[in-house]
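Before any comments, here is the structure.
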Amino acid sequence: MTEIEQLKKDLSHYSVVAYNRILASSAGGNNSVRLGDSEEFLITASGLSLGDTKPENIITINAEGEKINGPEGLKPSKESRMHAAIYVLRPDVKAIFHVHPRYCIALSILGESIPPVTVSAQVKLGEIPLLPESMPGSDELLRDVRNIIPTLDDSVHTLLLARHGIISIGSSITEAYIRADLAEETAHIAYLTKIATR
Ligand SMILES: [Zn+2]
């Protein structure tokens, strides 16, 4: 199996796992991986459920987020420009998960980020900055992400987008997925604790 075939297989696997973990539903969420050390990236397709991600429907994009390869009739995710911008600003980032986990979003609607309520979160999750509300795929979201990425400390791996979702970055697809999953588990526990102590 070539490197690109392996990356497509891994991106499909973790996209389906994320869907099954309800980190995104409907056609929400989009995940990507860098091709080697290049400025070309594999990303999930627009309009498809993450649960239907397969190696055959993954699209290759360039540093501007434009499609450069992939099946005819499929477009790259509408967040392609945002993914590409993060990779260009951070050569160390090899994979990005952008999902819509419900407890993370619920906390953002309350105007809060995700507190490190468990020891795992304290050790592994790091601070999670809360970005202001903007529409998916918009110039405003792209601008806000571009502005914050260069300011982040190395211990920050996840951003919370108000009323929208999260972005987790990693040095591999597995790492980006694990960070997104831990963010949602932590948000869920924080939410339960909040309810229980009302
Ligand atoms: Zn989104």
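Things to note:
- One residue alone among Asp52, Asp92 is under 16 Å from the mean Cα position of the chain (by Cα), open to solvent by 60 Å² or more (accessible area, probe 1.4 Å), more than 14 Å from the ligand (Cβ to nearest atom) and not basic (Lys, Arg), and that residue is Asp92.
- The set of residues in region 95-129 being within 16 Å of the ligand (Cβ to nearest atom), open to solvent by 50 Å² or more (accessible area, probe 1.4 Å) and touching a helix residue (DSSP H, G or I) at 6+ places or on another chain (Cβ under 6 Å) consists of Tyr103 alone.
- Selection status of Glu79, without any contact (Cβ under 8 Å) to a residue 40 or more places away in the chain and either open to solvent by 40 Å² or more (accessible area, probe 1.4 Å) or within 16 Å of the ligand (Cβ to nearest atom) (or both): no
- Verdict on Asp153 being touching an Asp or Glu at 6+ places or on another chain (Cβ under 8 Å), open to solvent by 20 Å² or more (accessible area, probe 1.4 Å), more than 16 Å from the ligand (Cβ to nearest atom) and not in a helix (DSSP H, G or I): yes
- Residue in region 3-16 that is within 17 Å of the chain's Cα centre (by Cα) and under 23 Å from Met135 (Cα atoms) present: yes
- Within the set Ile148, Ile167, Ile178, the sole residue that is more than 14 Å from Tyr14 (Cβ to Cβ) and part of a helix (DSSP H, G or I) turns out to be Ile148.
- Residues of region 164-184 satisfying the condition of being of a type in the set (Asp, Glu) and surrounded by 18 or more Cβ atoms within 10 Å (Cβ to Cβ): Asp181, Glu184
The values are calculated or read from the model by the stated rules, or taken from the named source; none is laboratory data. These numbers were taken from a predicted model, which means no experiment stands behind them. So basically every Cβ, Gly included, is an ideal-geometry build from the backbone, and we count neighbours across all protein chains shown. Accessible surface areas use protein heavy atoms only, side chains included; no ligands, DNA or RNA. Shrake-Rupley method; radii C 1.70, N 1.55, O 1.52, S 1.80 Å.
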